[in-house]
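Take a look at the structure set out below.
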Amino acid sequence: MHQVKWYQDGTLALRRSCAHGICGSDAMMINGKNRLACKVLVKDVLPKATVEPIRGLPVLKDLIVDMEPFFAGYRSVLPYLINDEGEPDRERLQTPEERHRFDDTTKCILCAACTTACPIFWGDEEYVGPAAIVNAHRFIYDS
């Protein structure tokens, strides 16, 4: 994408930041699949590469979408630890089994790739999407 922006079309608008698959800002559809552009090698998508904005969110320009509907769904599930018991006297210990129950959910980088690949999200404005549900699970089961 840098090659295109720098040498072919300087007006191309796209999000990018860390270039290491950590920030999630460069999610886009590449050859029909939602991917992080920084994790895709051109040689792996040749001979023809088609790049589109992720679906289900309003396109602002070129490959940039309005992420607010995605983040609104995320915020709606209250994705943080809610402590109704007051401050503990000592550290709350967690067993490996308790941690394992939600371990994979901690890997979500909020790129919206899973949510915008979901056909239910495209047509139902009330559906918060997989990323929000995964993050809700994370904090429901965090001990």
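We did not get these values from a lab; they are worked out from the coordinates using the rules stated. Note that the structure is a prediction, hence the values are computed from the model and not measured. Please note: Cβ atoms are built from the backbone with ideal geometry, for glycine as well, and neighbour counts cover all protein chains shown.
What are the residue pairs meeting all of these: first residue in the stretch 67-81, first residue under 16 Å from residue 114 (Cα atoms), second residue part of a helix (DSSP H, G or I), Cβ atoms under 7 Å, and 6 or more apart or on different chains?
70/115; 73/132; 74/131; 74/132; 74/135
Find the strands (runs of 3 or more DSSP E) located wholly in the stretch 7-66 whose residues include 1 or more that are closer than 15 Å to residue 114 by Cβ and among the aliphatic types (A, V, I, L, M), and list them.
Output list reads 27-30, 33-36.
Residue 109 - would you say it is surrounded by 15 or more Cβ atoms within 10 Å (Cβ to Cβ), in contact (Cβ under 8 Å) with a residue 24 or more places away in the chain and outside any loop (DSSP other than H, G, I, E, B)?
No, not satisfied.
Need pairs with beta-carbon distance below 6 Å; first residue more than 15 Å from residue 65 (Cβ to Cβ) and within the stretch 112-135, second among the polar types (S, T, N, Q); sequence gap 6+ or separate chains.
Listed pairs, sorted by first residue: 128/76; 130/115; 134/105.
From (1) surrounded by fewer than 17 Cβ atoms within 10 Å (Cβ to Cβ); (2) in contact (Cβ under 8 Å) with a residue 24 or more places away in the chain; (3) in a loop (DSSP other than H, G, I, E, B), pick out the condition that doesn't hold for residue 90.
Of the numbered conditions (1) surrounded by fewer than 17 Cβ atoms within 10 Å (Cβ to Cβ); (2) in contact (Cβ under 8 Å) with a residue 24 or more places away in the chain; (3) in a loop (DSSP other than H, G, I, E, B), the odd one out for residue 90 is (2).
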